Amino acid sequence: MTTDAFSDTSLDPAVRGFLHQPALPNGNALVYTHGAGGNSHGPFLIALAEAFAGAGFTVLRCDLPFRQKRSFGPPRLGDAERDREGLKNAVACMRKVAEGKIFLGGHSYGGRQCSMLCAEDPCVADGLLLTSYPLHPPGKPERLRTDHFPKLTKPALFVQGTRDGFGSIEELQAALKLISAKTQLTPVEGAGHDLGFSAKKKSAELPGRILEEFLKLFG
């Protein structure tokens, strides 16, 4: 496996990140991105990309347009639409290097934008990998971010900590009933929104477990 910086500035928004190329490609690719407070250098993103590349996937872990513009801080009002355009461009880049299926995913805010893009354009990807989906703001369960769920037509794997303040396992189970496509929910016991994975605390088993569940769902 090799990992190289990746950039395509001919597109607007530009695509920037890191490309993980497997030693034995299976023809499929994954575009995976970060949450509102992160970037493509996050330890969880790196570990997950390495796990998938080890299984033959070409993986692009990329920075959303808002993060390319600002090195820190959350996305601002009006950033989301452009962030989805950036994800669409990232998928287009992967179609040039992978002949098989293209999967799209992200953590928290990034995953939400991936799911909204797939609801807007069902043909953009063959499936979703959504970790720590921000079902609602912490402490505000009435503000559900599920309006687009009925429009999702591709299979989706959700990975959620059992102590995630952005949505409990029970709340997410109820929300997934809005999606007509096949879904799977993988709980991570005792984990919060970071899934128990940080620069100081890493769960070596988690990326492999996510990969295993992903392969079960998508075969």
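The values are calculated or read from the model by the stated rules, or taken from the named source; none is laboratory data. Since the model is a prediction, treat every value here as computed from it, not as a measurement. Neighbour counts run over all protein chains shown; Cβ positions are idealised from the backbone, glycine included.
If I filter the range 154-206 down to residues being at pLDDT below 95 and among the basic types (Lys, Arg), which single residue comes out as surrounded by the fewest Cβ atoms within 10 Å (Cβ to Cβ)?
Looking at the filtered set, the residue picked out is Lys200.
For Phe6, are the conditions met, namely being of a type in the set (Phe, Trp, Tyr), surrounded by fewer than 23 Cβ atoms within 10 Å (Cβ to Cβ) and touching a strand residue (DSSP E or B) at 6+ places or on another chain (Cβ under 8 Å)? Walk me through how you get there before you give the answer.
Values: of a type in the set (Phe, Trp, Tyr): yes; surrounded by fewer than 23 Cβ atoms within 10 Å (Cβ to Cβ): yes; touching a strand residue (DSSP E or B) at 6+ places or on another chain (Cβ under 8 Å): yes.
Yes: the conditions hold for Phe6.
If the Cβ limit is 6 Å and pairs must be 6+ apart or interchain, which residue in the range 32-48 that is over 19 Å from Val91 (Cα atoms) pairs with which residue that is of a type in the set (A, V, I, L, M)?
From residues that are over 19 Å from Val91 (Cα atoms), the pairs are Pro43/Ala199.
Give just the number: which of (1) more than 17 Å from Gly100 (Cβ to Cβ); (2) at pLDDT 95 or above; (3) not aromatic (Phe, Trp, Tyr) does Leu19 not satisfy?
Evaluating Leu19 over (1) more than 17 Å from Gly100 (Cβ to Cβ); (2) at pLDDT 95 or above; (3) not aromatic (Phe, Trp, Tyr) leaves (1) as the failure.
Tell me, please, whether a residue that is touching a Ser or Thr at 6+ places or on another chain (Cβ under 7 Å), under 27 Å from Asn26 (Cα atoms) and modelled with pLDDT of 95 or more can be found in the range 63-77. Full working, then the answer.
Initial filter on the range 63-77 (touching a Ser or Thr at 6+ places or on another chain (Cβ under 7 Å)): 63-64.
Filter once more, keeping what is under 27 Å from Asn26 (Cα atoms): 63-64.
Of the ones still in play, those that are also modelled with pLDDT of 95 or more are 63-64.
Checked the range 63-77: at least one residue is touching a Ser or Thr at 6+ places or on another chain (Cβ under 7 Å), under 27 Å from Asn26 (Cα atoms) and modelled with pLDDT of 95 or more.
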